[in-house]
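Here's the structure, in structure tokens; my notes come after.
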Amino acid sequence: MNTDVAGSDADTKAGPTADTPDGAAPVEPATGPDGGQAPPGPLARALPVAAVVAAVLALVLGGLWLFALNSDATQVAQARDEALRDARQAVINLNTLDHKDAQKGLDLWIQSSAGSVRDEFVSNRDAYAKLVTDQKRTTAATVTDAAVTEVDPRAGTARVLAGVDVTVTPEGGQPAVTRQRIELGMVRTDDGWKVDALEPLVTPGTG
């Protein structure tokens, strides 16, 4: 009985092997919980994450850049359309007067203008009214063509070229058409785009 126990103890004691000199335990590769190779360390895991983050940032920044370009283009297009629309109406307003109600026409002149142009209309309003009334003429304008040559949506300025036919009808007389081209400086206000510069480009001719 004692011999069996002693033999069992001897069998269970591990001794030196050829693979482990000096009795050192063998070095085995790290394994994971399931017996496979251990997962990579924190640094190894961080590298692919950093690459993904960099790719996402590149996409986001690229999207923001494209958005900025599209936003600028949209602002320019919107400013151009608004300036052109208001310039066409201003050309009509500034070339339309009825000697029977000159004050109404002059109100439109002032409403369509800004800056020094408006100041001139306000200062000389009575003189213009008297001139139109004394001449007993009625004028009506038609815009034949118009185009924006410059626009700065940030500054709120634009320049517009317009062709206009003005029909002048003296009281009791026959109408005559005056054709001219005008360059308008436009400025954006809280009430829309207004004329702040006005210059005829061609001496009017009668057709």
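Just checking, does the range 104-111 include any residue being closer than 27 Å to Val76 by Cα and basic (Lys, Arg)? No, because not a single residue in the range 104-111 is closer than 27 Å to Val76 by Cα and basic (Lys, Arg).
For the range 184-194: of the residues being open to solvent by less than 40 Å² (accessible area, probe 1.4 Å) and touching a residue at least 60 places away in the same chain (Cβ under 8 Å), which is nearest to Thr144 (Cα to Cα)? The selected residue is Leu184.
What helices (runs of 4 or more DSSP H) completely inside the range 72-183 contain at least 2 residues that are open to solvent by less than 60 Å² (accessible area, probe 1.4 Å) and in contact with a helix residue (DSSP H, G or I) (Cβ under 6 Å, 6 or more places away or on another chain)? Before the answer, list the steps.
Numbers: elements: 102-111, 115-123, 125-135.
It comes to 102-111, 125-135.
Just wondering, is there one or more residues in the range 111-130 that are hydroxyl-bearing (Ser, Thr, Tyr), without any contact (Cβ under 8 Å) to a residue 24 or more places away in the chain and over 21 Å from Val166 (Cα atoms)? Break it down into steps so the answer makes sense when it comes.
So the first thing to find is which residues in the range 111-130 are hydroxyl-bearing (Ser, Thr, Tyr), and the list is 112-113, 116, 123, 128.
Checking which are without any contact (Cβ under 8 Å) to a residue 24 or more places away in the chain leaves us with 123.
Applying the additional criterion that residues be over 21 Å from Val166 (Cα atoms) yields 123.
Within the range 111-130 (the criterion being hydroxyl-bearing (Ser, Thr, Tyr), without any contact (Cβ under 8 Å) to a residue 24 or more places away in the chain and over 21 Å from Val166 (Cα atoms)), the answer is yes, since at least one residue qualifies.
Close Cβ contacts (under 8 Å, 6 or more residues apart or on different chains) running from residues in the range 152-178 that are at positive phi and in contact (Cβ under 8 Å) with a residue 24 or more places away in the chain to residues that are among the aliphatic types (A, V, I, L, M) and part of a strand (DSSP E or B) comprise Gly156/Val187.
The values are calculated or read from the model by the stated rules, or taken from the named source; none is laboratory data. It should be emphasised that the depicted structure is a prediction, and the values quoted were computed from it without experimental measurement. Using ideal geometry, Cβ is built from the backbone for each residue, glycine included, and neighbour counts are taken over all protein chains shown. With ligands, DNA and RNA removed, areas are computed over all heavy atoms of the protein, side chains included. Shrake-Rupley method; radii C 1.70, N 1.55, O 1.52, S 1.80 Å.
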